[in-house]
Amino acid sequence: MKRFSIFLLGATLASGCVRAHAKAAPDNPPLDMPAPPPRVVESSDENPPVPVELPAEPARSTIRHPTPPPQTRTDSPRPESKPETPPPEPAKPPAVEEPVPPPSPLQTTPAGDVGELEKTIRAAMARAQHDLNRIDYRSLNPEARAQYESAKSLIRQADDAIRVKNFEYAKTVADKAAVLATQLAGRR
């Protein structure tokens, strides 16, 4: 049995030294491409349509602005005539302008859902701020510091967007800030 295992081991080692050569495919003669068939183009319409003449362009009118007659100045003294002045009208009290209310902001969310949406946005901002507070800024490399500053900036942008009632933008920015802060907190 020992001799058989030695023989088997030797056969295995010897077969590893033998290279298997791939047989190269014989070179085939190049393919002869047939000549393209002759093309005969026939018109499908026996009577081609008659070209239609385009309508004439309407006459353009030029708008002439009346020019005031040239004023001639004369240095001759004018006869002093007192123009008749109408009697002064009684002074009118200044008109009180009613303040115009500012236009209402466009809302893409129903008015009833605004409170709930604002709560979810504020929660995402708080989560992001909490994660950022757990991070030691001094121990971050320059790339991580840039992400830290980006997350802080996104939180500020979300807060500004809530103030102007732009809830869709605020939600997007707050979610981005939360993701960045979570990734930074997980790196520690």
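The values are calculated or read from the model by the stated rules, or taken from the named source; none is laboratory data. Just so it is clear, the structure is predicted and the values come from calculations on it, not from any experiment. A quick note on method: Cβ atoms are made from the backbone with ideal geometry, for glycine too, and the neighbour counts reach across all protein chains shown.
The lone criterion from (1) exposed (fewer than 14 other Cβ atoms within 10 Å of the Cβ); (2) under 30 Å from G186 (Cβ atoms); (3) at pLDDT 90 or above left unmet by V164 is number (2). Of all the listed residues (L154, L184), the sole one being of a type outside the set (S, T, N, Q), modelled with pLDDT under 90, in a helix (DSSP H, G or I) and surrounded by 10 or more Cβ atoms within 10 Å (Cβ to Cβ) is L184.
For every residue, the table says whether it meets (1) assigned to a helix (DSSP H, G or I); (2) more than 58 Å from the chain's Cα centre (by Cα); (3) at pLDDT 70 or above; (4) not polar (S, T, N, Q).
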position: S5; (1), (2), (3), (4): yes, yes, yes, no
position: A20; (1), (2), (3), (4): no, yes, no, yes
position: R39; (1), (2), (3), (4): no, no, yes, yes
position: D45; (1), (2), (3), (4): no, no, no, yes
